[in-house]
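Below is one structure, written out as structure tokens, with a few remarks after it.
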Amino acid sequence: MPTIDFDQVKACIDVPPTAERLLSKCEKEIRFSVNLLLYPHGLVEADAYIVYHNTARGPGKGGLRIWPTVTAEHTRALAELMTWKTALVGVPFGGAKSGIALDPSALPGANKTAIIKEYVHMISSELMSGAYVPAPDLGSTASDMAVIYGETHRPESVTGKPPRVGGLPGRREATGYGVARIAALASEALLSQPINQARVAVQGFGNVGGWTCRFLAEQGARIVGVADLTGGVYREGGLPIDELSAYVAEKKGLAGFPGDAITNEQLLALDVDLLIPAAVESVIDEHNAGEVSARLIIEAANGPTTPAGEAVLARRGIPIVPDILANSGGVVASYVEWHQAKSGAMTKKEETYQTVAEQLEAAFSRVRSTVCSRRITHRVAAWVVAVDELIRTMRDRGWIPAQG
Ligand code: NAD
């Protein structure tokens, strides 16, 4: 901690020491254990965490990650990312995250439901007070959010629910929709290439990767390569996204899909216009960044490029559109869902898409003008815009002095 480089931000804007101190640590952290006697497993014990990084802007918002690699440190970093993301795209939420260190694939449906119910039980005061509002993340789904709602009976206590149980039409695909929108804007602005002429490789074919592929293909982009945990596939003529989705739904992975089989390392090295890592963090590091042949990277996953990997890419002139900008469509839609739940309003899918597009376009434009005026990377520019917004918010709330 922190995951941002304050020195680079301070080279661009005045960051009061009180603001830096508050933004450099997490506000609150709860560690707990999810313990449950399950058959035939016996006692399942999992470490779990909920972290609030900064709630100046509103309730703590951030997904529930159910993944074997979940740790306190990791959860802190992801909560911090949410603080920058919500500030950057202008939604009145703070940054938070929760996690359960478990392998979701090892849990049959009924057992996963029982685990989630126990998680709700353990943090019921956070959920019932509205202080923390979870959403799906790696290893958790819309159905899992429906289970949380079923326990709290408060539709605004969780977002990313299926529309039949108070969820928002368009929320499920909102992150991928936003990634595709940002990819189109970035392709035009940085490569002077319309998205319908772009060749694209995507790592991860879950919620984010799958929907990103679909929306990009709808805009005319050619998805030539995809990969997931099970393997990858390449077709120079472009992959049929509907068939891929049906295949993954049935086989639980991309391995074996007709085309040239490729590994994840080969996917990351493909000679494409856009490379979109949409799976897990730290997949591009100093060891493989030299092999990346894409002209532009759009970070759909959280933290897919390590700082050392980014330094190699910078030397090679390969720009990165950072995660806090590219994948923030989900949190914008979450805000619309939360608002709908509190007001009882009905929202159409098209309205969700429109709000996501408007907020992301505005954020992209602020980031681009900061990049151009300050001659900094898109990541640093996104930090600058977010930190500036948070300083103003913390001043409004009397958390830091009005001056200095
Ligand atoms: P998911 O569980 O639906 O899908 C994950 C995908 O990544 C799967 O295809 C899986 O096979 C693949 N994968 C996992 N480990 C891999 C590895 N080591 N190598 C290659 N592929 C691997 O998860 P998701 O919701 O699509 O989330 C993906 C990323 O996007 C995460 O970093 C998450 O934090 C981020 N994100 C998600 C949302 C959202 O709304 N779901 C919003 C913002 C950011």
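Couple of notes before you dig in:
- Residues satisfying the stated conditions in region 265-303, i.e. assigned to a strand (DSSP E or B) and not hydrophobic (A, V, I, L, M, F, W, C): PRO277
- Here GLY237 meets the list (1) without any contact (Cβ under 8 Å) to a residue 40 or more places away in the chain; (2) surrounded by fewer than 21 Cβ atoms within 10 Å (Cβ to Cβ); (3) assigned to a loop (DSSP other than H, G, I, E, B); (4) within 15 Å of the ligand (Cβ to nearest atom) almost entirely, failing just condition (4).
- Cβ separations smaller than 6 Å between residues 6+ apart or across chains give the following pairs from region 156-183 residues that are assigned by TED's automatic domain parsing to the domain that holds LEU127 to residues that are aliphatic (A, V, I, L, M) and part of a loop (DSSP other than H, G, I, E, B): THR159/ALA135; GLY160/ALA135.
- Yes/no for VAL248 being part of a strand (DSSP E or B) and either within 13 Å of the ligand (Cβ to nearest atom) or among the hydroxyl-bearing types (Ser, Thr, Tyr) (or both): no
- Here the condition is being of a type in the set (Lys, Arg) and outside any strand (DSSP E or B); of LYS97, LYS85, it holds for LYS85 alone.
- From LEU191, LEU229, residue being in contact with a strand residue (DSSP E or B) (Cβ under 7 Å, 6 or more places away or on another chain), surrounded by fewer than 22 Cβ atoms within 10 Å (Cβ to Cβ) and not aromatic (Phe, Trp, Tyr): LEU191
- All positions within region 28-61 that are touching a residue at least 12 places away in the same chain (Cβ under 8 Å) and at positive phi: GLY58
- Contact annotation: residue pairs with Cβ atoms under 9 Å, 6 or more positions apart or on different chains, pairing a residue in region 1-24 that is more than 25 Å from THR306 (Cβ to Cβ) with a partner that is acidic (Asp, Glu) and surrounded by 14 or more Cβ atoms within 10 Å (Cβ to Cβ), are ILE13/ASP388.
- Scope region 145-164; condition under 19 Å from the mean Cα position of the chain (by Cα), assigned to a helix (DSSP H, G or I) and among the charged types (D, E, K, R); matching residues: none
- When GLY329, GLY309 are screened for being within 14 Å of the ligand (Cβ to nearest atom) and under 23 Å from the mean Cα position of the chain (by Cα), only GLY329 passes.
- Scanning region 69-103 for residues that are of a type in the set (S, T, N, Q) and buried (at least 24 other Cβ atoms within 10 Å of the Cβ) returns THR75, THR83, THR86, SER98.
The values are calculated or read from the model by the stated rules, or taken from the named source; none is laboratory data. Everything numeric here is computed off the predicted structure, so don't read it as measured data. So basically every Cβ, Gly included, is an ideal-geometry build from the backbone, and we count neighbours across all protein chains shown.
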